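Rule-based calculations on the coordinates, nothing more; no lab input. Everything quoted here is computed from the prediction, not taken from an experiment. Methodologically, a virtual Cβ is constructed for each residue, glycine included, from the backbone with ideal geometry; neighbour enumeration extends over all protein chains shown.
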Amino acid sequence: MTYYNFIYMNNFFLNRYLYNPVVTMPLIYIPFFNFHAMPKNDFGGFKVYDFSNNKPAPEDKRETYTVKREEKPEEKFSGKKEKLTDEKKENEFLRKTKRIARQINCDYRDLLALMNSESGLRHTAVNKSSNATGLIQFTPQTARDLGTSVEELKNMTALEQLDYVKKYLEKYKKAAGFKSNEKLDAGDLYALVFLPARAKRDVLTDSSEKYYKPNAPALDLNKDGKITKTELAQRMNTHKVSDFVFFA
């Protein structure tokens, strides 16, 4: 807007509304709201209204409650064996394995690896060709020597079958010429299951014997025609089991 137009517009409004007594300036109506006339609540604030029915909102009359915790009576041992859950069975299996390892003087991790290598830690595992059964693959003849059978072993729980694992290892550790307090390493432990009568040898079998061929794919790791305790220990290391498996 130029300066002249601005002067013209000012003169227009002054002539129309200020100097003309007939034409009045339009009024802008601003409603007045008297806040002091609104009802107050007990704390000096305004009451809240529900405009749907034009009534004050109901006051908050919520009640408070005190929750009393029930005290369980002290449990007493009834003398009966508790039926173990799966989780407790797994924990007890690990504890019992550790106890057996201490008794035969070996590392419990090696004992777990032995059972894992032989059966995948499945107490019902059966070799279809030899009918070997259980955690360390008891043969029918071995089972009879221990006073049981492969059928009975298969129907046992894993915890029950551990007793026969202990019985086997104690018997053949002595038969192989180990002293009762002699420490068994991983190779010794596996040799007691593979060829117990030769468990103190370094070379357990070779390609000229009948024991070699069916076991060579898994145990002759360097393919030199011999199976040694060193190779048995190497296999054990690949079948180590974490303790956390038993707490899953």
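Between amide H atoms placed 1.01 Å from N, distances below 5 Å from Phe138 occur with Thr133, all of them 5 or more places distant or on a separate chain. Taking 0.36 nm per residue of separation and subtracting the Cα-Cα distance, full extension of the segment from Thr157 to Thr238 would add 26.6 nm. Backbone phi angles across the range 144-155, fed through the Karplus curve with coefficients 6.51, -1.76 and 1.60 (θ = phi - 60°), yield HN-Hα couplings of 5, 4, 8, x, 9, 9, 5, 5, 5, 4, 5, 8 Hz in residue order; Gly and Pro are listed as x.
P(r) tail, the range 88-195: Cα-Cα pairs separated by more than 18 Å, 43% of all pairs.
Find out how many positive minus negative residues lie around Phe178, taking Lys and Arg as positive, Asp and Glu as negative, among other residues whose Cβ is under 12 Å from that of Phe178. Show your work: numbers first, answer last.
Details: positive: Lys171, Lys173, Lys174, Lys179, Lys183, Lys200; negative: Glu170, Glu182, Asp185, Asp188.
That sum, taken over residues with Cβ under 12 Å, equals +2.
How would you classify the range 120-248 from its alpha-carbon gyration tensor, with a ≥ b ≥ c the square roots of the eigenvalues: rounded for a/c under 1.5, else prolate if a/b is greater than b/c, otherwise oblate? Taking the square roots of the gyration eigenvalues as a ≥ b ≥ c, the range 120-248 is rounded.
Explain nothing, just the number: relative contact order of the range 97-225, from Cα pairs under 8 Å at least 6 residues apart, as a whole percent. That works out to 19 percent.
Arrange the peptides 92-98, 106-112, 228-234 so that the one whose residues have, on average, the most other Cβ atoms within 10 Å appears first. Walk me through the numbers on the way to the answer.
On the way: 92-98: 17.0, 106-112: 21.0, 228-234: 19.3.
With the highest mean Cβ count within 10 Å placed first, the list reads 106-112, 228-234, 92-98.
Once backbone amide H atoms are built at 1.01 Å from N, Thr205 has Ile227 as its partners under 5 Å, excluding neighbours fewer than 5 places away on the same chain. Residues in the range 130-140 carry Karplus couplings, in order, of 9, 6, 5, 9, x, 4, 10, 6, 5, 7, x Hz; the curve used is 6.51 cos²θ - 1.76 cosθ + 1.60 with θ = phi - 60°, and Gly or Pro positions show x.
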